[in-house]
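The values are calculated or read from the model by the stated rules, or taken from the named source; none is laboratory data. Keep in mind that what you see is a predicted model, and the values were worked out from it rather than measured. Here the Cβ is made from the backbone with ideal geometry for all residues, glycine too, and neighbour counts use every protein chain on show. Calculation scope for accessible area: heavy atoms of the full protein, side chains included, ligands and nucleic acids excluded. Shrake-Rupley method; radii C 1.70, N 1.55, O 1.52, S 1.80 Å.
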Amino acid sequence: MKKITIMMSFLMPVMAQAQTTPVYLDESKNIEQRIDDALSRMTLDEKIAVIHAQSKFSSPGVKRLGFPDLWTDDGPHGVRPDVLWDEWEQAGQTNDSCVAFPALTCLAATWNPQLARLYGESLAEEALYRNKNVMLGPGVNIYRTPLGGRNFEYMGEDPWLASRMVVPYVQGLQSKGVAACVKHYALNNDEEYRHQVNVVISDRALHEIYLPAFKAAVQEGGAWSIMGAYNLYQGVHNCHNATMLNKILKKDWGFDGVVISDWGGCHDTEEAIKNGLDLEFGSWTDGLTMGATNAYDNYYMALPYKKLIQEGKYTTKELDEKVRRVLRLFYRTTMNRQKPYGFLCSESHYEAALKIAQEGIVLLKNDDNLLPLNINKTKKILVVGENAIKMMTVGGGSSSLKAQKEILPLDGISARFGGVDYARGYVGDTVQSYNGVKVGRSLYETRTQAELTAEAVEKAKQADVVIFVGGLNKSDHQDCEGHDRQGYDLPYAQNEVIEAILKVNPRLVYVNISGNGAALPWINKVPVVVQAWFIGSEAGEAIASVLAGDVNPSGKLPFTWYASLNQCGAHATGSYPGTWREDYKIIDEEYKEGIYVGYRYTDANGLKPLFAFGHGLSYTTFKMGKAVADKQQMAADGTISFTVPVTNTGSCAGSETVQLYISAVKSKIDRPVKELKAFQKVYLQPGETQNVTLTINADALSYYDEATSQWRADAGKYEAHLGTASNKLSTKCTFRLE
Ligand code: BGC
């Protein structure tokens, strides 16, 4: 007996450990087993707690079981400064400045998926340092109208381009244990009354234009979370929309991550329970200062949900499914022991931001090769325009940042070219701070417009070249969340000043800062137009390096730059803005242009935009030879490749992007003239030739068949058009699909 007792006491600790080490902590077990175990141990209160917020940007873990809180943050261009626990106001930390990466429109304009990967990885490292587990981005809503207030945060008008760019961004971010939250799913294509708009759209347009980038982010990128959009579809808010979430996202696409509501996008407990929302954020309670105990208890998916379960109206079936997804997110992020340490504002992050900015800048026009500016011959440079001295990392809504540094265009140009002169030219937005972040330089101005114009004109008379840095900014009704632009024209007195300068000095380089196209009425009189986006911390340096020719521009437009709004399908069909703006009720916005978005509309109507989708010049010249297909007949389950030689025929190294568009020669249904289906960027030394091979499969030929709700590629004849812009397709191959 004694002997046995001794043995037992010796064995006890070992046995006890073997029995009580919970599977949910045992890293040798797979995540699904660990989730099952954790779920079986959680109380109803703990389950309810993990599916809604506890502060503006965090939701609780399960303290008793050792799951840490989950921290989200905007996204998508850098890690937003911390706000107070329960307020939008900044917390005033001193360690939350970040690197501001270029806006996603610029990233899309690089047409370089490797840079999207670099972007995701760099952002993740900043997020890790700041202990953020979910980055609220990237955004892939399609650029439907150039008035869209948030287009700058998205990846352009084309579903294929956006898909190719979003996948590596998501993968890069998540490779470091930080979840992407792809937003705003879906059909949030304009900002005005975004909470009231019910989008009425054909299934075909939904699947062919508006969903592909989300689908790619989920299926190829493996996104761990997705954000429901504010607006409605089929009369139901997208944050708890059964078709969008349960059917398309979770069932059809197999999404195993978490659906997070946009902040305040949840409106109904039972819809949220049934229709696929997993995690509720930002509902409009009064914060911690009002309400019974904790205002977060009043969230739709908090006590009201618990009550319905206790009353027997719902079992925990739906709840367990939501918690299971949230736990999966915990294991991928907060509980992920493989994730590296983060670091903030490193040289490598600034290098990444600079590289992306330089590759994304698009040279739209360059008559007489005025650019690059010859630094020896261009002695007197005059910079004009408010955007040359305005910080663009602040403003614009939730993507606003507190950047550790932002090189302004004027400073970048001055540093590169030596003492340049400056004239303000016009007054636009003079705010001194935004969300607690002060703008670097005072924009206070007392002079009249006449005085400002006169100064610019006087100085322009003396200048060898005038660099006008204008465009839009991040204030309301421009490139800014919450509202759309009210017109297509450049704001303020910009056109007037440009016209006045042109009268005395035609050597004008127009640098446009924006996430959208705009009417450029003086375009034929201006020799150079550069699209420079909102490019973050390294803005001035990137712009100067392109103007000086240190960097050979290689960006391509990710959208069609219309000459006027009636070239855009949404406007020409009278769909946007419609009459819905006049009322605060939920009102339909019918996407009457259907699949004819961007170049699909201008092609179909024989319209010539100011600058075509995919357009972008270089300081060198390229020649494309004849494309050759590897076969004439493509099997339905096979592939076909097209090879084309590209030669750098100029005198400096540079990159060109070969773009492949598919046309169906004959089709029983209405199809776009052509659609982008592959592209590849190549870097070539002067005189160098490379063969570029682009491969597609039958997916590239298919359309969404509304009768069967399936993608379908009809047998028949197709053309592959290859070239360097959607309006510059110099070679084609014809082939058949069996
Ligand atoms: C925006 C989201 C953002 C969230 C949190 C919302 O108003 O639509 O994009 O992530 O706020 O700031």
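Qualifying chymotrypsin sites (Phe, Trp or Tyr not before Pro) in region 520-594, where qualification requires a DSSP coil assignment and no more than 12 other C-beta atoms within 10 Å, comprise TYR584. Per-residue ellipticity at 222 nm computed for the chain from its helices equals -7500 deg cm²/dmol, with DSSP H segments shorter than 4 residues left out and the rest contributing -39,500 (n - 2.57).
Applying the Karplus relation 6.51 cos²θ - 1.76 cosθ + 1.60 with θ = phi - 60° to region 309-316 yields 3J(HN,Hα) values of 6, 5, 7, x, 6, 10, 8, 8 Hz, where x marks Gly and Pro. Coupling constants for region 645-658 follow from the phi torsions by the Karplus curve (6.51 cos²θ - 1.76 cosθ + 1.60, θ = phi - 60°), and in residue order they are x, 10, 10, 7, 9, x, 10, 9, 5, x, 10, 10, 10, 7 Hz; glycine and proline get x. List the residues of region 227-267 whose backbone N lies under 13 Å from a point placed 7 Å from the Cα of ILE31 along the Cα-to-Cβ direction. What the label zone holds, given the 13 Å backbone N cut-off, is 255-258. Label zone of ALA604 (point 7 Å out along Cα→Cβ, amide N under 18 Å): in region 141-171 this covers 142-146, 157-160. Report for the chain the percent antiparallel among DSSP-assigned beta bridges with both residues inside it, nearest 5. If I count the DSSP bridges inside the chain, around 60 percent turn out antiparallel. Sequentially through region 349-360, phi angles give Karplus couplings (6.51, -1.76, 1.60; θ = phi - 60°) of 6, 5, 4, 4, 4, 5, 4, 5, 4, 5, 6, x Hz, Gly and Pro residues having no value and appearing as x.
Any idea of the accessible area per residue across region 149-262, 1.4 Å probe, to the nearest Å²?
Using a 1.4 Å probe on heavy atoms only, each residue of region 149-262 averages 19 Å².
Remark: region 347-556 carries 34 Å² of accessible area per residue (probe radius 1.4 Å; ligands, DNA and RNA excluded).
The orientation-averaged projected area of the convex hull spanned by the Cα atoms of region 620-738 comes to 7.2 nm². Put one equal scatterer on each alpha carbon of region 109-210, apply the Debye formula with no solvent term, and list log10 I(q)/I(0) at q = 0.16 1/Å to two decimals. Reported log10 I(q)/I(0), two decimals: -0.73. If you count the DSSP beta bridges with both ends in region 347-556, what percent of them are antiparallel, to the nearest 5? Close to 25 percent. Over all distinct Cα-Cα pairs of region 620-672, the Kirkwood formula returns a hydrodynamic radius of 14.0 Å. Measuring nothing but protein heavy atoms, the accessible surface of the chain at 1.4 Å probe radius is 51 percent carbon and sulfur. Computed from Cα atoms alone, the Kirkwood hydrodynamic radius reported for region 311-445 is 20.0 Å. Once the chain from SER433 to GLU738 is taken as fully extended at 0.36 nm per residue, the excess over their C-alpha distance is 103.6 nm. For the chain, a crude dipole built from +1 on the beta carbon of Lys and Arg and -1 on the beta carbon of Asp and Glu, taken about the Cα centre, is about 1620 debye to the nearest 20. Looking at region 417-458, the chymotrypsin sites (Phe, Trp or Tyr not before Pro) that sit in a DSSP loop and have at most 13 other Cβ atoms within 10 Å of their own Cβ are TYR444. For the chain, the normalised intensity computed at q = 0.06, 0.08 Å⁻¹ comes to -0.37, -0.65 (log10 of I(q)/I(0), Debye sum over alpha carbons, equal scatterers, no solvent). Checking the Cα-Cα distances for LYS365/LYS474; LYS183/LYS313; LYS215/LYS365; LYS608/LYS717; LYS63/LYS176; LYS247/LYS306 against a 30 Å cut-off, the pairs over it are LYS183/LYS313; LYS215/LYS365. Sparse packing (at most 11 other Cβ atoms within 10 Å of the Cβ) combined with a DSSP loop state is found for the following chymotrypsin sites (Phe, Trp or Tyr not before Pro) in region 292-368: TYR341.
Full extension of the chain between ILE587 and SER40 yields a length gain of 192.5 nm, computed as 0.36 nm times the residue separation minus the alpha carbon distance.
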